[in-house]
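Encoded as structure tokens, the structure appears first; notes follow it.
Just so you know, all these numbers are worked out from the coordinates, no wet-lab data involved. Note that the structure is a prediction, hence the values are computed from the model and not measured. Cβ placement follows ideal geometry from the backbone for every residue including glycine, while neighbour counts extend to all protein chains displayed.
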Amino acid sequence: MKFVDHHCHLDFPQLAEDRAGVLARAREAGVGVLVTISTRIRRFPEILGIAEEHANVYCSVGTHPHNAHEELDIPLEEIVRLSEHPKVVAIGEAGARLLLQALDPRSSGGRVSPPYRRCAPDRSSAGDSHA
Ligand SMILES: [Zn+2]
């Protein structure tokens, strides 16, 4: 049986230092496909680069709710344009507004989620919510 890790962060420094080892251990554990999740659209080129480098790695495009205040100027059309790349399989991480705001008042998931909800139905890709 093959598994899909649909939410990992292969760009995070803790994993990036040993990315080849992480991917090898995932393969040994039966993980056939991984989706590395974008937390900042401005760092999307790095995420996409990881996905393009490995045939079994795909990615999302989006902004984590904790970082939403840094990227409110990015137009929805840009997110949609970036999501059209064949290695992009989801939009997010978008945020579970009420849960995040309850857990962390810094969260601004509510400001980010509505645009994502508007563009997701136009795409065949999934939304990836931080919950
Ligand atoms: Zn995440």
Kindly list the number of the only condition in (1) touching a residue at least 60 places away in the same chain (Cβ under 8 Å); (2) out of contact with any Asp or Glu (no Cβ under 8 Å at 6 or more places or on another chain) that fails for residue 9.
(1)
Can you name every residue in region 10-45 that is among the small types (Gly, Ala, Ser), surrounded by 12 or more Cβ atoms within 10 Å (Cβ to Cβ) and farther than 17 Å from residue 65 by Cα?
16, 26, 32
Quick one: in region 1-23, of everything that is assigned to a helix (DSSP H, G or I) and among the aliphatic types (A, V, I, L, M), which residue is farthest from the ligand (Cβ to nearest atom)?
20
